[in-house]
Structures are given as structure tokens and as C-alpha cells.
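Structure record follows, encoded as C-alpha cells.
The values are calculated or read from the model by the stated rules, or taken from the named source; none is laboratory data. Quick caveat, the model's predicted, so the values are computed rather than measured. For neighbour counting, all protein chains shown are included, and Cβ atoms are generated from backbone atoms with ideal geometry for every residue, glycine included. For accessibility, only protein heavy atoms count, side chains too; no ligands or nucleic acids. Shrake-Rupley method; radii C 1.70, N 1.55, O 1.52, S 1.80 Å.
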Amino acid sequence: MRHMLSLILKREGYEVLTAANGKEALSKVESHLFDFILMDVVMPEMDGLELLGAIKDRKVESTVIMMSAYGSLDTAVEA
């Protein structure tokens, strides 16, 4: 899904960086500015909710869109 979204967004003219897991994503968030961040709730090494908390702690000024095929109402409310 990450690869497919990347291709679609690039085709639409967006500059895209991807990360294979939450820790890699946090490293990129700390070293780049993003207009928006698309992320999955379920990721290896650091899940999406942990990453969302880390982004919030760092006061990152990006819009974050959480996605998941395994979502629940409780997860949505928590996010």
C-alpha cells in the first residue's frame, strides 16, 4: 500500500518520502518538513499511535492522516 500511494502521489506532482516502520518515519520527521503525513496505525518497531505521540511531543506542524485496514472505533477515538 505504501508503494502504491507513493506512486499515485508522485504522479500527482507531490514530493514523497516513505518509511518502512515507525522509527524510520520518526527519523524523517525530525530531519524534514512535511505538509502532511500519511501513516498506518499498524507498523513495525513503533506503531502509528506511538509515532503520532512522538510527532505531537516534537510540536511538528504537519497534518497527520491515520489509516488502517485494522481500525476500530476505539483506535480512531484514541488517534
>> Looking at segment 16-33 only, could you name the residues that are part of a loop (DSSP other than H, G, I, E, B) and crowded, with 17+ Cβ neighbours inside 10 Å?
In response: Ala19
>> Residue pairs, Cβ under 7 Å, 6 or more apart or interchain, first in segment 34-45 and modelled with pLDDT of 90 or more and open to solvent by 60 Å² or more (accessible area, probe 1.4 Å), second of a type in the set (A, V, I, L, M) and assigned to a strand (DSSP E or B). List them.
In response: Phe36/Ile65; Leu38/Ile65; Leu38/Met67
> Restricting the search to segment 1-48, which residues are closer than 14 Å to Val64 by Cα and either among the aliphatic types (A, V, I, L, M) or over 13 Å from the mean Cα position of the chain (by Cα) (or both)?
Replying inline: Ala25, Leu26, Val29, Leu33, Ile37, Leu38, Met39, Val41
>> Yes or no: segment 46-56 includes at least one residue that is closer than 20 Å to His3 by Cα, touching a residue at least 24 places away in the same chain (Cβ under 8 Å) and open to solvent by 60 Å² or more (accessible area, probe 1.4 Å).
In response: no
>> If I ask for residues that are out of contact with any Leu (no Cβ under 8 Å at 6 or more places or on another chain) and of a type in the set (Gly, Ala, Ser), which ones from segment 23-61 would you list?
In response: Ser27, Ser31, Gly48, Gly53
